[in-house]
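Following: one structure in structure tokens, then a few remarks.
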Amino acid sequence: MHPTTSIVTFALLLFGISIAQKSFPVDLNSTFSATGPHNVRIDTGTYGPPVEEVHYYYDQWPIGIAVSKTGRIFACYTRGTYDYTLGEIVNLTAEVAYPNLELNTPPDGLSTEFNGIPFGSADRDHLISVQAVFVTPDDTLWALDTGRPTINQTTSPVVPYGQPGGPKLVAFDLSTDTIKATYTLPADVHFPDSYMNDLRFDMRSNVTDSGKGIAYVVDSSDEGRTGFIMVDLGTGESWRQLSQHPSTLRTPEDVPSYQGLPFYFRSEGHPVNFLQEGLDGEELSLYGDILYYSPLTSDYLYSIETKYLRVNPSSDPLSLKKAFDNVKNLGQRGGNANGFSGDSLGNVYMLMPEHNGIFIYNSTTHQAMPYVRDPRIIWPDSANVGFDGYIYMNINQLPYQPNWNNGVDGRQYPGLILRAKLPDGASKNTLLK
């Protein structure tokens, strides 16, 4: 200590003036440990609340997850060859088709061809390939069907184009396990190369003229026009905003690292490349007035006031420009994020596959904060805040799938559902109902 500092400190203590003890901005107790006779510091790979193992996947690699009021857990699986695309967890190691295998089996198959060009099924009455699921506060299960399954999965994988009827949003009444609504999308909203990736809902009566709420859907198309699709749940009308806005586009030549390994996209018969996905995840603020989002290949977080997304360009063509002009860049958050979730305290959870963890975006300080980190979090593909005060996450080792690694499958069963306790008594946000 500098001599002058010592004198000043002694004087302050002598006169009873307290000195605030400085501390590191975050708790490092669980992040570091020591080993060996010299107590060499090591990174434990963990911090935050204890992480619990809830379920083990042994048959199909999962994508989306949702938890109901009564604790029922649902998962979805994008397919090719899988027997079903929407399932329910029934015990520690098993799932079953939800609501039944018949609904998961289009009678005419998952795909077809026109003039030699593959297209996904146009079947609006059966599930083709569900990418995301969500449970709204009224305990409705929503399934987002891309209508674009992977075909020729074992030889030369291809994702066929979508056609009207196949891409859809399906609502299930969990009290009867039956469909209560299906929303399909016209060709000028969902393009053949669109790929719907995530969904959020604001069910309040004042957000649409119909009074029945709105869905915000991510279009993350690798080959097409990234952007947002909105669906009026009262009229079924749908529209687009922020199509190909810079904030929705992929970052060129982005090289993330997973488990300490620099990642490049390797597809059989093609040169080494980079991940192509742009817009990937989204989350609404506590009161539904802001939508947070980001591309998969970007370290930046973006937001926009939802009032700009809720305007249908058919009624106000200038709304397209207004939306473009009102995107906010909230800065970097410490890495790529694969998805989002939110809670009753307004915390925005960002799934951080490069860190085996989840960060929280604090909208007051405008900073990313650590929440949980664990070596078992090997690609948190989706997360869902439950009504029970836990965040549930699907772990599927996605960077090691064969489609990204010259056809070699580096994954190892089981996949996982993990959960961690939310901070400060938080639970599911039920304000948007």
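Restricting attention to segment 267-305, report how many residues are within 15 Å of THR248 (Cα to Cα), touching a strand residue (DSSP E or B) at 6+ places or on another chain (Cβ under 8 Å), among the hydroxyl-bearing types (Ser, Thr, Tyr) and part of a loop (DSSP other than H, G, I, E, B). Working first, answer last.
Residues of segment 267-305 within 15 Å of THR248 (Cα to Cα): 275-283, 291-304.
Narrowing further to those that are touching a strand residue (DSSP E or B) at 6+ places or on another chain (Cβ under 8 Å): 275-283, 291-296, 299-304.
Checking which are among the hydroxyl-bearing types (Ser, Thr, Tyr) leaves us with 292-294, 300, 302-303.
Those still in the list that are part of a loop (DSSP other than H, G, I, E, B) too: none.
Total meeting the criteria: 0.
Looking at this structure, is THR182 over 21 Å from the mean Cα position of the chain (by Cα), of a type in the set (Ser, Thr, Tyr), surrounded by fewer than 20 Cβ atoms within 10 Å (Cβ to Cβ) and modelled with pLDDT under 95? Write out each step before concluding.
Values: over 21 Å from the mean Cα position of the chain (by Cα): yes; of a type in the set (Ser, Thr, Tyr): yes; surrounded by fewer than 20 Cβ atoms within 10 Å (Cβ to Cβ): yes; modelled with pLDDT under 95: no.
Criteria not met by THR182.
Taking GLY407 and the conditions (1) over 30 Å from GLY269 (Cβ atoms); (2) modelled with pLDDT under 95; (3) of a type in the set (Gly, Ala, Ser), which numbered condition does it fall short on, given that it satisfies the others?
Only one criterion in (1) over 30 Å from GLY269 (Cβ atoms); (2) modelled with pLDDT under 95; (3) of a type in the set (Gly, Ala, Ser) is unmet by GLY407, namely (1).
Quick check on segment 413-433: of everything there that is under 19 Å from GLY64 (Cα atoms) and over 20 Å from the mean Cα position of the chain (by Cα), which residue is surrounded by the most Cβ atoms within 10 Å (Cβ to Cβ)?
Per the criteria, the residue is PRO414.
Within segment 306-408, which strands (runs of 3 or more DSSP E) (wholly inside it) include 1 or more residues that are more than 25 Å from ASP232 (Cβ to Cβ), out of contact with any helix residue (DSSP H, G or I) (no Cβ under 7 Å at 6 or more places or on another chain) and among the aliphatic types (A, V, I, L, M)? Talk me through it step by step, then tell me what you get.
Details: elements: 328-332, 339-342, 348-352, 357-362, 367-373, 380-385, 390-395.
The strands (runs of 3 or more DSSP E) meeting that bar are 328-332, 348-352, 357-362, 367-373, 380-385, 390-395.
Considering every residue within segment 410-426, establish whether at least one is touching a Ser or Thr at 6+ places or on another chain (Cβ under 9 Å), without any contact (Cβ under 8 Å) to a residue 60 or more places away in the chain and of a type in the set (A, V, I, L, M, F, W, C).
no
Against the definition (under 18 Å from LEU174 (Cα atoms), surrounded by 14 or more Cβ atoms within 10 Å (Cβ to Cβ) and β-branched (Val, Ile, Thr)), how does VAL133 come out, yes or no? Reasoning before the result, please.
Numbers: under 18 Å from LEU174 (Cα atoms): yes; surrounded by 14 or more Cβ atoms within 10 Å (Cβ to Cβ): yes; β-branched (Val, Ile, Thr): yes.
Here the answer is yes, as VAL133 does meet what is asked.
Using beta carbons and a limit of 7 Å, which pairs, at least six apart or on different chains, have the first residue in segment 174-185 and aromatic (Phe, Trp, Tyr) and the second one surrounded by 15 or more Cβ atoms within 10 Å (Cβ to Cβ) and assigned to a strand (DSSP E or B)?
The qualifying pairs are TYR183/LYS168; TYR183/LEU169; TYR183/VAL231.
Can you tell me which of PRO402, PRO370 is in contact (Cβ under 8 Å) with a residue 40 or more places away in the chain and not aromatic (Phe, Trp, Tyr)?
PRO370
Taking ASP222, is it modelled with pLDDT of 95 or more, out of contact with any helix residue (DSSP H, G or I) (no Cβ under 7 Å at 6 or more places or on another chain), part of a loop (DSSP other than H, G, I, E, B) and surrounded by fewer than 17 Cβ atoms within 10 Å (Cβ to Cβ)?
Details: modelled with pLDDT of 95 or more: no; out of contact with any helix residue (DSSP H, G or I) (no Cβ under 7 Å at 6 or more places or on another chain): yes; part of a loop (DSSP other than H, G, I, E, B): yes; surrounded by fewer than 17 Cβ atoms within 10 Å (Cβ to Cβ): yes.
Here the answer is no, as ASP222 does not meet what is asked.
From the set of residues in segment 151-162 that are touching a residue at least 40 places away in the same chain (Cβ under 8 Å) and surrounded by 19 or more Cβ atoms within 10 Å (Cβ to Cβ), which is nearest to ASP83 (Cα to Cα)?
Taking segment 151-162 first, the residues touching a residue at least 40 places away in the same chain (Cβ under 8 Å) are 151, 153-154, 156-158, 160-162.
Okay, now just the ones that are also surrounded by 19 or more Cβ atoms within 10 Å (Cβ to Cβ), so 151, 160-162.
Values: ILE151: 13, PRO160: 18, TYR161: 21, GLY162: 20 Å.
Of everything passing the filter in segment 151-162, ILE151 is nearest to ASP83 (Cα to Cα).
Among the residues that make up segment 328-335, is at least one of them among the polar types (S, T, N, Q) and farther than 23 Å from ARG419 by Cβ? Steps first, please.
Step one: filter segment 328-335 for residues among the polar types (S, T, N, Q), giving 329, 332.
With the extra rule that they be farther than 23 Å from ARG419 by Cβ, the set shrinks to 329, 332.
Yes.
Among the candidates ASN356, ASN394, which residue alone is of a type outside the set (Val, Ile, Thr), at pLDDT 95 or above, more than 22 Å from THR251 (Cα to Cα) and within 16 Å of the chain's Cα centre (by Cα)? Show your work before the answer.
Details: ASN356 fails: more than 22 Å from THR251 (Cα to Cα).
The conditions single out ASN394.
The values are calculated or read from the model by the stated rules, or taken from the named source; none is laboratory data. Fair warning: this is a prediction, and the values are worked out from it, not measured in the lab. We place every Cβ from the backbone using ideal geometry, glycine too, and count neighbours over all the protein chains shown.
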